[in-house]
1. Filter the range 152-186 for residues that are basic (Lys, Arg) and in contact (Cβ under 8 Å) with a residue 40 or more places away in the chain; which is farthest from Glu113 (Cα to Cα)?
2. Scan the range 236-255 residue by residue and report those that are closer than 16 Å to Ala193 by Cβ and touching a strand residue (DSSP E or B) at 6+ places or on another chain (Cβ under 6 Å).
3. Within the range 295-310, restricting attention to residues that are under 22 Å from Thr194 (Cα atoms) and surrounded by fewer than 18 Cβ atoms within 10 Å (Cβ to Cβ), which residue is modelled with the highest pLDDT?
4. Quick check: is even one residue across the range 121-128 modelled with pLDDT of 95 or more, farther than 19 Å from Ser220 by Cβ, crowded, with 21+ Cβ neighbours inside 10 Å and over 16 Å from the mean Cα position of the chain (by Cα)?
5. Given the range 193-310, what helices (runs of 4 or more DSSP H) lie entirely inside it while holding 1 or more residues that are closer than 19 Å to Ser58 by Cβ?
6. Hey, could you check the range 76-100 for residues that are of a type in the set (D, E, K, R) and at pLDDT 95 or above and say which is farthest from Thr229 (Cα to Cα)?
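The values are calculated or read from the model by the stated rules, or taken from the named source; none is laboratory data. Only a predicted model underlies this, so the values are computations on that prediction, with no experimental measurement involved. Cβ sites come from the backbone with ideal geometry, for glycine too, and all protein chains shown count toward neighbours.
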Amino acid sequence: MRLARLLAALVLALVPASSPGLAQAPPAAAAPAAGEAVVVVTVENMYSAADDSRDVVSQATLGQVVEVLDSRDGFARIRTPDRYEGWIPLTAISSEYADEAAPRYARAGSVVEVTSLMANVYREADVTTARPLLQAPLATRLEVSTSPGTAAQDRWLAVHLPSGQTGFVQKGDVKAVDPAAPRRRGTAREIVATARRFLGVPYLWGGMTARGIDCSGLASRVYHANGVTLPRDADLQFEDPNAVPVARSALQPGDLLFFGRDAKHISHVALYTGAGWFINATTYETPMVRMDRLANPHWTTIYQGARRPR
């Protein structure tokens, strides 16, 4: 047996890599030119350097049109729509929409927006024939496909994915939107309702979706789904000039609560729900999105103020 294995290895070494029938390694992703690209995977980590062993600073999600600032070693340094920068694997983005003459993804034609925390996108209009192609996180916008043979079927809708593939999403996971119109600002009640849907989601440093989320990611995603763009980090949200300071006695549902050792070192953010309660993604006691009371000594001790995004 040992001799047979050695002979087999020798044969493989002598056969050219281009010979038919042999598995080929996937080609390396081409580095996009500086400009725009679109995220083609459900969610991908953004790292502090071009190295996936480095710390995660945030995540980019399906359909986001991002700025490509630099590229090397199989990574691109990108800037997301909330102006946050980090390094992402080149395999997670496509430069198909980088051409200035091409429309940005999901900015024209018929477009739908995901209303579920995660929407499965299938290769066929059936949930049983194959696993989903990918998932689309809350508030992802998808282009409705008009390709021949992709007409809507009962509860299904065909969508053109940013990778160029066509998939099928259940109509109950999405709503039709006007891509030319600004996102509608949600009411305080809607903002709180959106936050409640994340209850139980595991805490994940840098996370931005229902697969795992951190404190400022939760605030950012909830407000994004309700038509408001927030800065990515808690300290930036606290310092946001577009947010109004709110006294503790004047708190209203949907306000952002901030915590830290002092006002210059904000390290945590939560969404106020009313009656002294708030929702937050925390590692305190249980690492998940959970409800907490502002009167709890742990939180009262480090509470630094509130802001109301405009």
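1. Arg185
2. Those that are closer than 16 Å to Ala193 by Cβ and touching a strand residue (DSSP E or B) at 6+ places or on another chain (Cβ under 6 Å): Pro253, Asp255.
3. Checking each candidate, the answer is Arg308.
4. Scanning the range 121-128 turns up no residue that is modelled with pLDDT of 95 or more, farther than 19 Å from Ser220 by Cβ, crowded, with 21+ Cβ neighbours inside 10 Å and over 16 Å from the mean Cα position of the chain (by Cα).
5. The helices (runs of 4 or more DSSP H) meeting that bar are 215-225, 234-239.
6. Filtering the range 76-100 for residues that are of a type in the set (D, E, K, R) and at pLDDT 95 or above, the one farthest from Thr229 (Cα to Cα) comes out as Arg77.
A quick yes/no check of all residues on (1) modelled with pLDDT of 95 or more; (2) under 30 Å from Thr286 (Cα atoms); (3) more than 20 Å from the chain's Cα centre (by Cα); (4) not acidic (Asp, Glu):
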position: Leu133; (1), (2), (3), (4): yes, no, no, yes
position: Leu138; (1), (2), (3), (4): yes, yes, no, yes
position: Asp154; (1), (2), (3), (4): no, no, yes, no
position: Asp173; (1), (2), (3), (4): yes, yes, no, no
position: Gly186; (1), (2), (3), (4): yes, yes, no, yes
position: Arg197; (1), (2), (3), (4): yes, yes, no, yes
position: Gly200; (1), (2), (3), (4): yes, yes, no, yes
position: Arg211; (1), (2), (3), (4): yes, yes, no, yes
position: Val228; (1), (2), (3), (4): yes, yes, no, yes
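Every residue, every condition in (1) within 29 Å of Thr91 (Cα to Cα); (2) in contact with a strand residue (DSSP E or B) (Cβ under 8 Å, 6 or more places away or on another chain); (3) not charged (D, E, K, R); (4) not assigned by TED's automatic domain parsing to the domain that holds Thr115, yes or no:
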| residue | (1), (2), (3), (4) |
| --- | --- |
| Gly164 | yes, yes, yes, no |
| Val169 | yes, yes, yes, no |
| Asp173 | yes, yes, no, no |
| Leu199 | no, yes, yes, yes |
| Leu204 | yes, yes, yes, yes |
| Arg211 | yes, yes, no, yes |
| Gly217 | yes, yes, yes, yes |
| Leu230 | yes, yes, yes, yes |
